[in-house]
Structure formats: C-alpha cells, structure tokens
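Down below is the structure, laid out as structure tokens.
The values are calculated or read from the model by the stated rules, or taken from the named source; none is laboratory data. Remember, predicted model here, so these are calculated numbers, not experimental data. All Cβ positions, even for glycine, are placed from backbone atoms using ideal geometry, and neighbour counts span all protein chains on display. Calculation scope for accessible area: heavy atoms of the full protein, side chains included, ligands and nucleic acids excluded. Shrake-Rupley method; radii C 1.70, N 1.55, O 1.52, S 1.80 Å.
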Amino acid sequence: MKYSILDAIKHRRTYYALKNESPISNDELRQIIEQSVKYVPSAFNSQSTRLVVLIGDKHRKVWELTKDVLRGMVSPENFPATENKINTAFESGYGTVLYYEDQAVVRGLQEQFPAYADNFPVWSEHTNAMHQLTIWAALEEVGFGASLQHYNPIIDDSLAKEFNINPNWKLRAQMPFGLPACDAGEKAFEPLEKRIVFFK
C-alpha cells in the first residue's frame, strides 16, 4: 500500500532561491491552505492556529518591513549580505504564509482546564508546527519550493501594524514560497538507530 503522505514528507525540502511564479492558480492555492487549516488536528480541538497568506505586493511588503527592522540591527558592513539573502530567497518568491497562534484561545483553555494550564502553550506550538509541515509538504507536492523562517519577534510589531493583525495573535514563523530557482541542498541524516527505539 502506498502512503502518499510519507512521499510528500520525504520530498519536502528547504529552498533558499525562489522565483515569483506559481504552478497553480490562486484559487487552488487557497484551497490547499483552507483544507490544511480545516483538517490538521489540535489539542482539545482548540483550532488555535491563525494564518495570514500574502501574495503580490503584500508578500513583498513583509520582506521590505523585515529589511527595515534588520537595517537598524545589523552593522552597515554586514547588511548588504542580509539584504541580498532576503531579496533572493524570500522576497523573490510568489508569496508568504505567516503562522500565528491565537493566545485568547490558549488562555481560554487554561482557564477552562486549570490542571493542564502549563501544557496548553506547548500544545499550541505543536498545533502550529503541524500546520507548518502540512502546508509545506502540500505546497511542494504542487511544485512550489518553500522555507521556514523565524524573524519573530523582531518583526511582529511592524507586521501587526501593516496588516492590522489581531493583538491576541502571536507570530510563530514565516514561510516564503515560490517556484524553486535552483535545487535544494543536500540533506544530512542522523542514524535512525540513534533516534528510534523499536520494541516488539
């Protein structure tokens, strides 16, 4: 029996050079995002993950704002390399998915189930990670390349102001995507014997 989900995970790679092109229509892209959000599981069925999907000028604005923030943090002699990386690996793509977690949902669950209060922020991160992997693999399956970035929290305020983000939403990751401009690099694997204990 073929498990296509395992094939999708196996084929998923990190692409650091992207083109501003799409192999599918925007309607098809929206369907991938919506189906992923609808069916990815969450602890206590919390459904706490929130996404902001940006294409076109809105996508490019994410990375212009990121450069603006970094310009004030990176030394002038090092900033050109930073800017080039953003221009060619992120902003050059077709779109960006911003991954958020709704802290109002997390707090509500903590109040409703105090015995598990310390776990809900952790489980919230698990939920977000499952959305990231599902969408990443699904985008790759239709021909996109993508990477996962973590410029949060330094860009949180700029993005929140620009896109009127709900103040209860906490930014967890950014996923620029587009047609791959080159092959992904080699991936190294630790021996599975070090990572799995199998009893029978």
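Counting only C-alpha contacts under 8 Å and six or more residues apart, can you give the relative contact order of the range 125-180 as a whole percent?
Relative contact order, the range 125-180: 43 percent.
Determine the gain in length on full extension of the stretch Ile5-Ala160; use 0.36 nm per residue of separation and subtract their C-alpha separation, reporting nm with one decimal.
52.4 nm
With a Förster radius of 22 Å, plug the Cβ-Cβ distance of Lys38 and His150 into 1/(1 + (r/R0)^6) and report the FRET value to the nearest 0.05.
0.30
In square nanometres, what is the average projected area of the Cα convex hull of the chain?
Mean projected area for the chain: 14.8 nm², to one decimal.
With a ≥ b ≥ c taken as the square roots of the eigenvalues of the C-alpha gyration tensor of the range 1-40, please select rounded if a/c is under 1.5 and otherwise prolate if a/b is larger than b/c or oblate if it is not?
oblate
On average, how much accessible surface per residue is there in the range 38-135, in Å², for a 1.4 Å probe, leaving out ligands, DNA and RNA?
51
Which lysines have a Cα less than 21 Å from the Cα of Lys85, not counting those fewer than 8 places away in the same chain?
List returned: Lys19, Lys58, Lys61, Lys67, Lys187.
What accessible surface, in Å², does a 1.4 Å probe find on Tyr16, ignoring ligands, DNA and RNA and rounding to the nearest 10?
130
What number do you get for the range 131-171 when its Cα radius of gyration is normalised by 2.2 N^0.38 Å, N = residues?
Compared with the compact-globule rule of thumb, the range 131-171 sits at 1.45.
Sorted from largest to smallest, which semi-axis lengths in Å does the alpha carbon gyration tensor of the range 48-90 give for its equivalent ellipsoid, taking the root of 5 times each eigenvalue?
They are 23, 12, 9 Å, listed largest first.
How would Met130, Met175 rank on accessible area, largest to smallest, probe 1.4 Å?
Largest to smallest exposure gives the sequence Met130, Met175.
Which Rg and Dmax, in Å, describe the Cα atoms of the range 138-195?
Answer for the range 138-195, Rg first and Dmax second: 16.4, 48 Å.
For Thr88 paired with Asn45, estimate the spin-label separation in nm (one decimal), with each label point 7 Å from Cα along the Cα-to-Cβ line.
4.9
Note down the accessible area of Lys194, probe 1.4 Å, to the nearest 10 Å².
So the heavy atoms of Lys194 present about 150 Å² to solvent.
What number, in percent, do you get for the relative contact order of the range 91-200 if the mean sequence gap of Cα pairs under 8 Å and at least 6 apart is divided by its residue count?
Relative contact order, the range 91-200: 41 percent.
Give me the net charge of Phe44's neighbourhood, meaning all other residues with Cβ under 15 Å from the Cβ of Phe44; Lys, Arg count +1, Asp, Glu -1.
Local net charge: -4.
Pulled fully out, how much extra length does the chain show between Tyr116 and Tyr16, if you take 0.36 nm times their separation in residues and subtract their Cα-Cα distance?
32.1 nm
Carbon and sulfur together cover what percent of the accessible area of the chain at a 1.4 Å probe radius?
Its accessible area is 53 percent carbon and sulfur atoms.
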